[in-house]
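Below is one structure; the comments refer to it alone.
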Amino acid sequence: MTMRLPLLLCSSLLSAAWAFQSPRLTTAPTRSSLMPRNAMVDIQENIPRDVNGLQEWAQNNGVQRVDGFQLGSEDGLDWYAGTTQPLAQGSPILSIPGPMILSTAATRRELNVDAAVDQLARLGAGNDVPEFYLFCKVLAEYQNGDQSPWFPWLNSLPRLYYNAISMTDFCYECLPPLVFSLARKEKVKLDNFVSALQKVDVISQEIINDPEITKWAYNVVTTRCFGPDDNKQIIPMGDMFNHGTETEIDFNFDEEGNCIVYAAKDVPANSPLRMSYGDPTNPSVLFAKYGFLDESSPATFCKIMTIQPTPELLNLGLDFSKMLFYKDSGEISEEVWDVMLYSQVLAQERDVQQQFYQAHMNGDAETKNAIHQHYFMQTSAALQKHVDTFLKQLDDLSAKGVGKDPQEHPRLPLILRHNDFVKTTFMTVKARLDSMAVGQPA
């Protein structure tokens, strides 16, 4: 996602196309300077986003954009980026001056939250520290109200989310096991952040103890930051690109920390401009974290979650991104067949199990395929049982939502759509397995 263009190309883009202005940003305000404030960002879910204000602020602070770049919306809540002009591969689309970018490194220098970071480490959440710094930064700027240099950006952000953090307890009862597990991890992560906030003295207790504010700030950070594990970044204006299985843009940073968004391929006029938020073959992960259903995903994780990982199984492909059911064809990835054969069918035949594993590790396709053929009916039967069991589970989970008030549980319709999307894929896989069982071509 953060590919670096050759330095010569970067220099030519910058010198030929744009001359950066430094954003008029102040240093982090002290707590005493945060009050009084004139206006705060209204985070009620029905408040439209002020994206026009964002664009004016961005232009005033040196953001440059190619002719044809546009931000659009149908409802004032969900926005997208696109171009009305054709773009050549490698051509610049946006430039964002470095001082506008929120980053772990800059926040670490600005805010003293060492005690809170130590608290996260004690909670076993040390890997989340880079995002926690941004969480504190967003809350500090929110607290500063319209005195914050980032106020127009904050006021342009979504208020309404459909991801795991925003779901009601009842919504959780309708989630399949993988999404439920991912959702619980997000909840625990937020709880850890809020617990650590108690040791951050630059943010008021009023804000720390307001679950709606902390939830909003958490959603802002976790849905908009990316970058290296040790230095996560949020790029105002650069955070307006939606996700796509097919992507049109990528990011680059020059030596001064300025960000250039460029065309990753030739882009026709009147096209969306999209980036990747993550593995497109696992829409459940995107759903839990970001709150949308990517129905363009070509495949989905097979939902086999009862197998305990071992080094051997990991080498065979026990991984969410590899164990796939394909939506349109019903094809089953090789890793699914390998893992099911090794872990389920051959569990009591250790000699054959070891022979199969060694053939896999040595690239001996002939031996591996011969073992697959010999145990094919047992493996396909195990898969059929899994698919039938999961389809019944999906029906039971979705049935819970029938008759529930969407006003009380506004994320429920999307959860049911997700369940139906997964069910459609599993039904296609079931038809393929059933045809195998009776000897018909798959």
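The values are calculated or read from the model by the stated rules, or taken from the named source; none is laboratory data. Given the structure is predicted, the values throughout are model-derived calculations rather than measurements. FYI the Cβ positions are ideal-geometry reconstructions off the backbone, even for glycines, and counts take in every protein chain you see. To get the accessible areas, we keep the full protein, side chains included, count just its heavy atoms, and leave off ligands, DNA and RNA. Shrake-Rupley method; radii C 1.70, N 1.55, O 1.52, S 1.80 Å.
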Original post:
How much of the accessible area of the chain, in percent, comes from carbon and sulfur atoms when a 1.4 Å probe is used?
Top reply: 49
Original post:
Can you tell which of PRO280, PRO309, PRO272 shows the greatest fluctuation in a Gaussian network model of the chain with Cα springs below 10 Å?
Top reply: PRO309
Original post:
What angle, in degrees between 0 and 90 and rounded to the nearest 10, separates the Cα long axis of helix 365-374 from the longest principal axis of the Cα atoms of the chain?
Top reply: 60
Original post:
How many angstrom separate the Cα center of the stretch 368-442 from the Cα center of the stretch 61-82?
Top reply: 39
Original post:
Is the stretch 202-311 rounded, prolate or oblate when judged by the Cα gyration tensor, a ≥ b ≥ c being the square roots of its eigenvalues, rounded requiring a/c under 1.5 and prolate requiring a/b larger than b/c?
Top reply: oblate
Original post:
When DSSP assigns beta bridges and you keep just the ones with both residues in the chain, what percent turn out antiparallel, to the nearest 5?
Top reply: 95
**OP:** Let me know the Kirkwood hydrodynamic radius for the stretch 369-416, please, with Cα pairs as the basis and the value in Å to one decimal.
**Re:** 13.4
**OP:** Would you mind checking the radius of gyration and Dmax of the stretch 266-321 based on alpha-carbon positions, in Å?
**Re:** 15.4, 49
Subject >> For the chain, calculated [θ]222 nm from helices alone, where every DSSP H run of n ≥ 4 adds -39500 (n - 2.57) >> reply: -13500 deg cm²/dmol
Subject >> Longest DSSP-loop-exposure-free segment, trypsin sites (Lys or Arg not before Pro), the chain, at most 15 other Cβ within 10 Å >> reply: 38-198
Original post:
Does the stretch 287-429 come out rounded, prolate or oblate, given a ≥ b ≥ c as the square roots of the eigenvalues of its C-alpha gyration tensor, rounded meaning a/c under 1.5 and, failing that, prolate meaning a/b above b/c?
Top reply: prolate
Original post:
Residue by residue, what Karplus-based ³J(HN,Hα) values in Hz, rounded to whole numbers, does the stretch 253-267 have, using 6.51, -1.76 and 1.60 with θ = phi - 60° and x for Gly and Pro?
Top reply: 10, 8, 5, 8, x, 6, 9, 10, 9, 9, 6, 7, 7, 5, 10
Original post:
Which residue, ASP388, ASP254, ASP169, has the most motion in a Gaussian network model of the chain that connects Cα atoms within less than 10 Å?
Top reply: ASP169
**OP:** Name the lysines eligible as straight-distance cross-link partners of LYS322: C-alpha to C-alpha under 29 Å, and not fewer than 8 places from it in the same chain.
**Re:** LYS185, LYS187, LYS189, LYS232, LYS265, LYS289, LYS303, LYS368, LYS385, LYS392, LYS423, LYS430
Original post:
Hey, what angle do you get for helix 412-437 against the long axis of the chain, alpha-carbon based, 0 to 90 degrees rounded to 10?
Top reply: 30
Subject >> the stretch 228-308: GluC sites (Glu not before Pro) falling in loop per DSSP and having at most 11 other Cβ within 10 Å >> reply: GLU246, GLU255, GLU256
Subject >> Segment LYS187-THR306, length gained on full extension (0.36 nm per residue, minus Cα span) >> reply: 40.6 nm
**OP:** At most 11 other Cβ atoms within 10 Å and a DSSP loop assignment: could you name the GluC sites (Glu not before Pro) in the stretch 71-159 that fit?
**Re:** GLU74
**OP:** For the stretch 175-198 and the stretch 98-140, write down the distance between their C-alpha centroids in whole Å.
**Re:** 18
Original post:
How many Å³ per residue does the convex hull of the Cα positions in the stretch 143-270 occupy?
Top reply: 180
Original post:
Rounded if a/c is under 1.5, else prolate if a/b is larger than b/c, else oblate: which is the stretch 296-359, with a ≥ b ≥ c the root eigenvalues of its Cα gyration tensor?
Top reply: prolate
Original post:
Among VAL221, VAL117, VAL345, which one shows the biggest mean-square fluctuation in a GNM of the chain, springs joining Cα atoms closer than 10 Å?
Top reply: VAL345
Original post:
In angstroms, what radius of gyration and Dmax does the chain have, counting Cα atoms only?
Top reply: 24.7, 76
Subject >> Directionally averaged projected area (convex hull, Cα atoms, the stretch 30-185), nm² >> reply: 13.1
Original post:
Once phi is turned into ³J(HN,Hα) by the Karplus curve 6.51 cos²θ - 1.76 cosθ + 1.60 with θ = phi - 60°, what whole-Hz value does each residue of the stretch 123-131 show in order, with x for glycine and proline?
Top reply: 7, x, 10, x, 5, 8, 4, x, 6
Subject >> Cα gyration tensor of the stretch 65-156 - equivalent ellipsoid semi-axes, whole Å, descending >> reply: 33, 17, 14
Original post:
On full extension of the chain, what length is gained from ALA437 through HIS243, given 0.36 nm per residue of separation minus the C-alpha to C-alpha distance?
Top reply: 66.0 nm
Subject >> Tilt relative to the chain, helix 211-224 - C-alpha long axis, 0 to 90 degrees, to 10 >> reply: 70
